[in-house]
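K.L.:
Below: one structure in structure tokens.
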Number of protein chains: 2
Amino acid sequence: MALVVQKYGGSSVATPELVRRVAERIVRARRKGHDLVVVVSAMGKTTDTLIRLAGEVSENPPPREMDMLLSSGERISMALLAMAIQDMGYDAISLTGPQAGIRTDTSHRKARILEVDTSRIRKELSEGKIVIVAGFQGLSTEGEVTTLGRGGSDRTAVALAYALEADQCEIYTDVEGVFTADPRIVPEVRKIPVISSDEMLELASSGAKVMEARSVEFASKYGVEIHVCSSFNEEPGTIIKREDPSMEKVLVRGMALDTKEAKVTIRGVPDRPGIAAAIFSPLAEADINVDMIVQNVSEDGFTDLSFTVNVSDLKTALALCEGTQARIGAREVTADEDIAKVSVVGVGMRSHAGIAAIMFRTLADEGINIEMIATSEIRISCVVRRGEGERAVRALHRAFELERE
Amino acid sequence: MALVVQKYGGSSVATPELVRRVAERIVRARRKGHDLVVVVSAMGKTTDTLIRLAGEVSENPPPREMDMLLSSGERISMALLAMAIQDMGYDAISLTGPQAGIRTDTSHRKARILEVDTSRIRKELSEGKIVIVAGFQGLSTEGEVTTLGRGGSDRTAVALAYALEADQCEIYTDVEGVFTADPRIVPEVRKIPVISSDEMLELASSGAKVMEARSVEFASKYGVEIHVCSSFNEEPGTIIKREDPSMEKVLVRGMALDTKEAKVTIRGVPDRPGIAAAIFSPLAEADINVDMIVQNVSEDGFTDLSFTVNVSDLKTALALCEGTQARIGAREVTADEDIAKVSVVGVGMRSHAGIAAIMFRTLADEGINIEMIATSEIRISCVVRRGEGERAVRALHRAFELERE
């Protein structure tokens with residue numbers, strides 16, 4: 001008999017009918033003899049609706065009250081799910097984040113889980129109950145209700161799986177798992193059966209959706225193996241786990257296309273120590289995440305410097321860079337939103353040379369110009385014109401034969 | 001500086017715009033220098049919507065989960081109200097029933113308040129905050145979330161006013177106060193400025209709406225004076241308080257019409273000891289509330305017995321009486337739904353004779369037949385044909401000159 005933590009996202013419980021379907025799935029797992037702890041998000045777009053309501057009564061809703069408001073969403077879905085399970089003849093109980101022992105720091109709206117006191121959950125499990133836990137919320141060290149921010153319910157599931165030493169942690173969502181590329185771009189994509197946390201992280205931060213990066217990082221940190229699968233069918237999904245030696249056999253695990261970045265270029269930058277710090281410190285202080293950075297070789301004591309940021313941060317980044325430009329005596333600052341970042345990811349890159357060469361050759365054969373290049377140990381990313389992004393992905397998917405088992 | 005407890009019902013906070021209007025009213029009271037504790041119900045029809053959702057996932061939702069579900073409603077309204085107040089520049093904090101120290105027994109869906117631990121509320125008040133408290137909910141002695149049942153938010157307000165020794169307890173609602181009769185029936189009704197708890201109780205249990213009987217009883221028990229007024233204007237409402245000697249000067253305070261009762265008649269009942277017990281014990285066991293009981297004089301050892309019950313209990317009551325009929329050898333059981341109960345209420349009846357005489361004379365002059373009569377110390381009720389109920393109310397309102405100050 002295994003202890004299984006399952007997590008169902010908002011789209012999986014968006015209607016009473018879907019709540020019953022999830023309840024049936026839970027009951028099936030129960031019939032196999034498993035102990036079950038089920039983390040559930042708010043129904044469908046509940047959280048968005050609540051945020052909108054808050055905007056209608058307040059220009060700048062205080063975070064403590066926002067958390068009070070938002071935490072009501074999971075109360076509804078978890079109580080309905082517990083009811084539906086009991087209606088099917090199985091004992092179940094719903095617990096709020098605070099009741100389930102999720103202890104967080106005091107940062108409202110983006111709290112971090114500090115520890116999980118599993119005593120209440122263990123007590124309910126020992127009484128034979130299926131335990132439903134509100135995702136996305138906890139109790140702060142000051143006794144206030146907090147929420148965990150984006151992807152919070154995934155983190156609740158991972159934290160519970162770790163604290164309970166669960167045998168499995170299953171994340172149910174509206175996709176079937178992690179694919180070699182976005183199926184809307186590449187028709188011949190293949191589902192990835194097993195992926196390492198590092199690969200998943202690189203894919204997530206390169207534009208692949210499925211699971212939010214912070215949750216993958218969290219799972220990896222605590223060594224929790226995640227099984228991502230669809231709540232709408234019975235197909236096996238994708239297992240995300242710590243790297244093992246067998247994984248290096250595959251050169252490229254998957255790829256991603258990111259069209260949400262923009263490029264900022266500062267030209268005529270005096271090439272002297274401290275210049276990079278002068279440029280990037282103001283961005284860091286403004287909490288702007290800089291992704292790729294490329295600096296040209298210097299010519300006559302001046303250089304050009306380009307970097308990418310999220311499109312939503314572009315305006316602020318430009319304003320900051322224009323300030324810096326005046327201070328350091330650079331020539332000009334320009335922005336380019338018409339870019340796409342194509343990334344290939346695989347732990348096999350560590351032990352196999354030549355992946356970059358294949359990537360560059362493939363893009364060249366397609367007549368696609370590479371504007372920026374960045375690499376990590378297990379990832380190569382190229383910035384190309386936005387209009388050429390999807391064609392680049394399809395060509396690379398073929399070149400690395402990702403459609404093959 | 002007074003400590004004021006205010007309570008706003010669901011219709012007063014049904015939309016974000018109304019939430020802001022309530023916030024403005026609270027801020028006005030704050031500007032007068034009052035300390036404020038504000039109890040709020042769920043927005044508009046939220047609770048009904050949640051009950052409907054529960055019905056869609058479960059045939060018989062377990063009460064513990066129902067309370068978890070229903071208690072989410074006030075979390076939304078109270079957080080929005082606290083946000084709206086803060087947006088107007090005043091400090092506010094929302095507290096759930098458990099956070100506010102409302103301790104109840106373990107009866108889910110109809111919990112009773114056992115005590116209020118006011119320490120958290122007092123702490124927030126001492127920091128200059130307006131404290132918003134979720135109505136209708138508490139924490140049971142077993143640490144579970146409970147709800148208080150119908151009129152629960154009113155009881156929360158009364159319990160807080162008592163525990164905090166508040167100077168005022170104001171119940172805001174969608175009516176302007178308590179009237180001498182239903183304004184839809186009698187155009188010349190007058191608002192009652194002050195009414196005793198006993199009168200209010202008799203009116204409430206005689207079909208008048210405004211405030212639920214249990215809450216009035218609760219307030220009376222703890223000696224809390226309630227001011228019922230409209231959340232949509234600034235008019236003074238009705239004060240409900242313990243009787244004082246000045247109140248007896250008024251003969252009839254107000255009247256009510258109840259069209260939700262039905263009459264059951266058992267004919268040919270053997271007139272011997274223990275018969276009433278045989279008839280009414282099964283009804284009591286089935287939790288059916290019997291209102292008026294009338295027994296005719298006996299003839300040849302047999303009598304007829306009539307009583308009224310709520311229409312919703314009629315079917316069960318009939319079935320039980322038919323069982324009893326067979327056992328005790330009565331002749332027949334009949335039901336009559338076509339009745340109305342007209343009641344006049346006033347503590348002045350205690351010291352003034354002749355109220356009943358005026359009532360019977362007035363109905364006789366109108367050609368309205370009286371089918372049953374019941375009295376308490378401060379109330380006289382007559383059952384008439386349903387079609388004649390409204391005319392009876394109008395005639396009695398004139399006869400007792402209730403339109404006069």
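K.L.:
Which residue out of A:ALA23, A:ALA54, A:ALA29 is free of Cβ contacts under 8 Å to residues at least 60 places away in the same chain, over 16 Å from A:SER153 (Cα atoms) and crowded, with 21+ Cβ neighbours inside 10 Å?
P.N.:
Result of the check over A:ALA23, A:ALA54, A:ALA29: A:ALA54.
K.L.:
Please enumerate the residues belonging to the stretch B:291-324 that are assigned to a strand (DSSP E or B) and farther than 23 Å from B:SER343 by Cβ.
P.N.:
B:GLU299, B:PHE302, B:THR303, B:ASP304
K.L.:
Going by what's in this entry, would A:VAL57 be described as farther than 24 Å from A:VAL19 by Cα, at the interface with chain B (Cβ under 8 Å from one of its Cβ atoms) and β-branched (Val, Ile, Thr)?
P.N.:
Yes: the conditions hold for A:VAL57.
K.L.:
Further, regarding this structure: Just to be sure I understand the filter: pairs with C-beta atoms under 6 Å, separated by 6 or more residues or on different chains, first member in the stretch A:382-405 and within 15 Å of A:ALA256 (Cα to Cα), second member of a type in the set (Lys, Arg). Which pairs pass?
P.N.:
Going by the 6 Å Cβ cut-off, the qualifying pairs are A:VAL383/A:LYS341; A:GLU403/A:ARG190.
K.L.:
Okay, moving on. If I ask for residues that are at the interface with another protein chain (Cβ under 7 Å from one of its Cβ atoms) and either in contact (Cβ under 8 Å) with a residue 24 or more places away in the chain or of a type in the set (A, V, I, L, M) (or both), which ones from the stretch A:79-99 would you list?
P.N.:
A:ALA79, A:LEU80, A:ALA82, A:MET83, A:ALA84, A:ASP87, A:SER94, listed by residue number.
K.L.:
So A:VAL38 passes all but one of these: (1) at the interface with chain B (Cβ under 10 Å from one of its Cβ atoms); (2) buried (at least 23 other Cβ atoms within 10 Å of the Cβ); (3) not polar (S, T, N, Q). Which condition number does it fail?
P.N.:
A:VAL38 satisfies every listed condition except (1).
K.L.:
A follow-up question, please. Checking the condition in contact with a strand residue (DSSP E or B) (Cβ under 7 Å, 6 or more places away or on another chain), of a type outside the set (D, E, K, R) and either closer than 24 Å to B:VAL133 by Cβ or surrounded by 20 or more Cβ atoms within 10 Å (Cβ to Cβ) (or both), which residue from B:ILE195, B:ILE185 passes?
P.N.:
Matching residue, one of B:ILE195, B:ILE185: B:ILE195.
K.L.:
Do you know which residues across the stretch A:326-356 are buried (at least 18 other Cβ atoms within 10 Å of the Cβ), at pLDDT below 95 and closer than 24 Å to A:ARG272 by Cβ?
P.N.:
The one that is buried (at least 18 other Cβ atoms within 10 Å of the Cβ), at pLDDT below 95 and closer than 24 Å to A:ARG272 by Cβ: A:ALA330.
K.L.:
Just one of (1) within 7 Å of chain B (Cβ to nearest Cβ); (2) under 26 Å from A:ASP174 (Cα atoms); (3) charged (D, E, K, R) trips up A:GLU65, so point out which.
P.N.:
Among (1) within 7 Å of chain B (Cβ to nearest Cβ); (2) under 26 Å from A:ASP174 (Cα atoms); (3) charged (D, E, K, R), the lone unmet condition for A:GLU65 is (2).
K.L.:
Within the stretch A:76-90, is even one residue surrounded by 19 or more Cβ atoms within 10 Å (Cβ to Cβ) and charged (D, E, K, R)?
P.N.:
no
K.L.:
Being within 16 Å of A:PRO193 (Cβ to Cβ), surrounded by fewer than 16 Cβ atoms within 10 Å (Cβ to Cβ) and among the basic types (Lys, Arg) is true for just one of A:LYS249, A:LYS209. Which residue is that?
P.N.:
On inspection, the qualifying residue turns out to be A:LYS249.
K.L.:
Just give me the residues in the stretch A:247-265 being assigned to a loop (DSSP other than H, G, I, E, B) and either under 15 Å from A:ILE373 (Cα atoms) or touching a residue at least 60 places away in the same chain (Cβ under 8 Å) (or both), in sequence order. Don't jump to the end; show me each part of the working.
P.N.:
Applying the first criterion (assigned to a loop (DSSP other than H, G, I, E, B)) to the stretch A:247-265 yields A:250-253, A:259-260.
If the condition is that a residue be assigned to a loop (DSSP other than H, G, I, E, B) and either under 15 Å from A:ILE373 (Cα atoms) or touching a residue at least 60 places away in the same chain (Cβ under 8 Å) (or both), then A:VAL250, A:LEU251, A:VAL252, A:ARG253, A:THR259 are the ones that fit.
K.L.:
For the stretch B:75-104, name all the residues that are part of a helix (DSSP H, G or I), in contact with a strand residue (DSSP E or B) (Cβ under 7 Å, 6 or more places away or on another chain) and farther than 26 Å from B:ARG31 by Cβ.
P.N.:
Once the filter is applied, which keeps residues that are part of a helix (DSSP H, G or I), in contact with a strand residue (DSSP E or B) (Cβ under 7 Å, 6 or more places away or on another chain) and farther than 26 Å from B:ARG31 by Cβ, the stretch B:75-104 yields only B:ARG75.
K.L.:
Restricting attention to the stretch A:212-246, and to residues there that are in a helix (DSSP H, G or I) and basic (Lys, Arg), which single residue is surrounded by the fewest Cβ atoms within 10 Å (Cβ to Cβ)? Walk me through it before giving the result.
P.N.:
Restricting attention to the stretch A:212-246, the residues satisfying the condition of being in a helix (DSSP H, G or I) are A:213-221, A:245-246.
If we keep only those that are basic (Lys, Arg) too, we end up with A:214, A:221.
Numbers: A:ARG214: 19, A:LYS221: 11.
Looking at residues that are in a helix (DSSP H, G or I) and basic (Lys, Arg), I get A:LYS221.
K.L.:
Have a look at B:ARG327, B:ARG391 and point out the one that is part of a helix (DSSP H, G or I) and outside the structural domain of B:ASP291 (by TED's automatic domain parsing).
P.N.:
B:ARG391 is the lone residue from the list that is part of a helix (DSSP H, G or I) and outside the structural domain of B:ASP291 (by TED's automatic domain parsing).
K.L.:
Looking at (1) facing another protein chain (nearest Cβ under 10 Å); (2) free of Cβ contacts under 8 Å to residues at least 60 places away in the same chain, which one does B:PRO16 not meet, given that it meets all the others?
P.N.:
With respect to (1) facing another protein chain (nearest Cβ under 10 Å); (2) free of Cβ contacts under 8 Å to residues at least 60 places away in the same chain, B:PRO16 is out only on (2).
K.L.:
So which of A:LEU201, A:LEU125, A:LEU139 is farther than 30 Å from A:GLU65 by Cα and over 23 Å from the mean Cα position of the chain (by Cα)?
P.N.:
A:LEU125
K.L.:
What is the number of the single condition among (1) at the interface with chain A (Cβ under 10 Å from one of its Cβ atoms); (2) more than 16 Å from A:LEU69 (Cα to Cα); (3) part of a loop (DSSP other than H, G, I, E, B) that B:MET43 does not meet?
P.N.:
(2)
K.L.:
In this structure, does B:ILE132 turn out to be more than 15 Å from B:HIS227 (Cβ to Cβ) and β-branched (Val, Ile, Thr)?
P.N.:
Against the criterion (more than 15 Å from B:HIS227 (Cβ to Cβ) and β-branched (Val, Ile, Thr)), B:ILE132 qualifies.
K.L.:
Among A:GLU170, A:GLU165, which is in a strand (DSSP E or B) and either at pLDDT 95 or above or closer than 22 Å to A:LEU80 by Cβ (or both)? Outline the logic, then answer.
P.N.:
Numbers: A:GLU165 fails: in a strand (DSSP E or B).
Testing whether each residue is in a strand (DSSP E or B) and either at pLDDT 95 or above or closer than 22 Å to A:LEU80 by Cβ (or both) leaves just A:GLU170.
K.L.:
Restricting the search to the stretch B:102-115, which residues are surrounded by fewer than 21 Cβ atoms within 10 Å (Cβ to Cβ) and under 17 Å from B:ALA166 (Cα atoms)?
P.N.:
Result: B:GLU115, single match.
K.L.:
Further question: Within the stretch A:357-383, count every residue that is among the aliphatic types (A, V, I, L, M) and crowded, with 22+ Cβ neighbours inside 10 Å. Break it down into steps so the answer makes sense when it comes.
P.N.:
Here is the first cut: in the stretch A:357-383, the ones among the aliphatic types (A, V, I, L, M) are A:357-359, A:363-364, A:368, A:370, A:372-374, A:378, A:380, A:383.
Still in the running and crowded, with 22+ Cβ neighbours inside 10 Å: A:359, A:378, A:380, A:383.
The number of residues fulfilling the criteria is 4.
K.L.:
Can you tell me how many residues within the stretch B:97-120 are closer than 24 Å to B:ALA54 by Cα and within 24 Å of the chain's Cα centre (by Cα)? Break it down into steps so the answer makes sense when it comes.
P.N.:
Just the residues of the stretch B:97-120 that are closer than 24 Å to B:ALA54 by Cα, to begin with: B:97-98, B:104-112.
Among the residues that remain, those that are also within 24 Å of the chain's Cα centre (by Cα) are: B:97, B:104-112.
Adding up the residues that qualify gives 10.
K.L.:
Going through the stretch B:105-159 one residue at a time, which ones are of a type in the set (Lys, Arg), touching a residue at least 40 places away in the same chain (Cβ under 8 Å) and part of a loop (DSSP other than H, G, I, E, B)?
P.N.:
Selection gives B:ARG109, B:ARG150.
K.L.:
Determine, yes or no, whether B:SER71 is more than 12 Å from chain A (Cβ to nearest Cβ), within 22 Å of the chain's Cα centre (by Cα) and either at negative phi or at pLDDT 95 or above (or both).
P.N.:
So B:SER71 does not fit the description; no.
K.L.:
Among the numbered conditions (1) over 30 Å from A:GLU199 (Cβ atoms); (2) touching a residue at least 60 places away in the same chain (Cβ under 8 Å), tell me where A:GLY323 comes up short.
P.N.:
So A:GLY323 meets the others, but not (2).
The values are calculated or read from the model by the stated rules, or taken from the named source; none is laboratory data. The structure presented is a predicted model; accordingly, all values stated were derived computationally and were not measured. So basically every Cβ, Gly included, is an ideal-geometry build from the backbone, and we count neighbours across all protein chains shown.
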